[in-house]
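Before anything else, here's the structure in question.
Where a number appears in this text, it was derived from the coordinates with a stated rule and is not lab data. Just so we're clear, the structure is a prediction, and the values are computed from it rather than from any experiment. Neighbour counts are summed over all protein chains in view; Cβ atoms, including those assigned to glycine, are modelled from backbone coordinates with ideal geometry.
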Amino acid sequence: MVVIWNWALMSTRLSEGGGIDCVFLSCFDHDVRFFASMLGHARIRVHHASTLDMADFLLLATRGTVLVLDPTFLDGCWHDALAMIRQFHPHVVTLICADHKDREFVASARDAGTLDVLWRPVGVEQLRSSIWTAYEISLEREGWREEQRQIKRPIVLSDLR
């Protein structure tokens with residue numbers, strides 16, 4: 001995969017909020033709080049959601065670009081989360097944090113659209129790096145979608161000047 005960096009878009013986003021907004025969909029708030037405290041220095045704001053509806057709301061409210069999730073949560077599983085992302089947040093990139101016992105359950109996650117499955121215990125540096133990579137991919141998706149909108153937009157006379 002070739003990644004073309006859109007540094008202007010990235011620097012604008014970072015300067016607007018000072019970092020990355022990430023939603024962590026999990027029933028285990030202690031894990032989320034730990035990662036939130038450890039990733040803050042890396043300019044990653046982690047917002048906790050325990051339900052899919054809350055994750056949807058937080059992605060909208062924070063303009064989040066990364067969704068980290070457990071394979072299962074209070075009102076669904078990773079299949080439900082990816083369906084929500086595809087339908088309502090196509091620029092958001094997903095990461096799954098799973099136990100090795102969930103290997104079969106998440107085996108098709110990458111083929112279904114998640115960026116990566118991180119195996120527990122997940123290290124802070126590993127999560128930080130994965131979130132930054134997801135953020136960069138999200139920016140590329142957003143740039144590509146903007147290019148597609150420009151292509152489909154009708155040409156008006158003011159564009160020709």
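Counting only residues that are touching a residue at least 60 places away in the same chain (Cβ under 8 Å) and hydrophobic (A, V, I, L, M, F, W, C), which one in region 123-144 is farthest from ALA81 (Cα to Cα)?
VAL124
Mind counting the residues in region 63-80 that are in contact with a helix residue (DSSP H, G or I) (Cβ under 7 Å, 6 or more places away or on another chain), free of Cβ contacts under 8 Å to residues at least 40 places away in the same chain and in a strand (DSSP E or B)?
Total meeting the criteria: 1.
Now, a different point. Test of understanding: among ALA83, ALA112, which residue is surrounded by fewer than 16 Cβ atoms within 10 Å (Cβ to Cβ) and touching a residue at least 24 places away in the same chain (Cβ under 8 Å)?
Numbers: ALA83 fails: touching a residue at least 24 places away in the same chain (Cβ under 8 Å).
Within the list ALA83, ALA112, the selection yields ALA112.
Let me ask something additional. Would you say GLU142 is part of a helix (DSSP H, G or I), of a type in the set (D, E, K, R) and within 11 Å of the chain's Cα centre (by Cα)? Break it down stepwise before answering.
Working: part of a helix (DSSP H, G or I): yes; of a type in the set (D, E, K, R): yes; within 11 Å of the chain's Cα centre (by Cα): no.
Answer is no for this residue.
Might you let me know whether region 97-105 holds any residue that is on the phi < 0 side of the Ramachandran plot, in contact with a Leu (Cβ under 7 Å, 6 or more places away or on another chain) and crowded, with 17+ Cβ neighbours inside 10 Å?
yes
Here's something else I'd like to know. Taking region 81-101, which residues are within 15 Å of LEU59 (Cα to Cα), part of a helix (DSSP H, G or I) and not hydrophobic (A, V, I, L, M, F, W, C)? Explain how you work it out, then say what you get.
Our first condition is that a residue be within 15 Å of LEU59 (Cα to Cα); within region 81-101, this holds for 81-95.
Among the residues that remain, those that are also part of a helix (DSSP H, G or I) are: 81-88.
Matches in region 81-101: ARG86, GLN87.
Are any residues in region 40-58 of a type in the set (A, V, I, L, M, F, W, C) and out of contact with any Phe, Trp or Tyr (no Cβ under 8 Å at 6 or more places or on another chain), and if so, which ones? Reasoning before the result, please.
Of the residues in region 40-58, the ones of a type in the set (A, V, I, L, M, F, W, C) are 42, 44, 46, 49, 52, 54-55, 57-58.
Those that are of a type in the set (A, V, I, L, M, F, W, C) and out of contact with any Phe, Trp or Tyr (no Cβ under 8 Å at 6 or more places or on another chain): MET54, ALA55, PHE57, LEU58.
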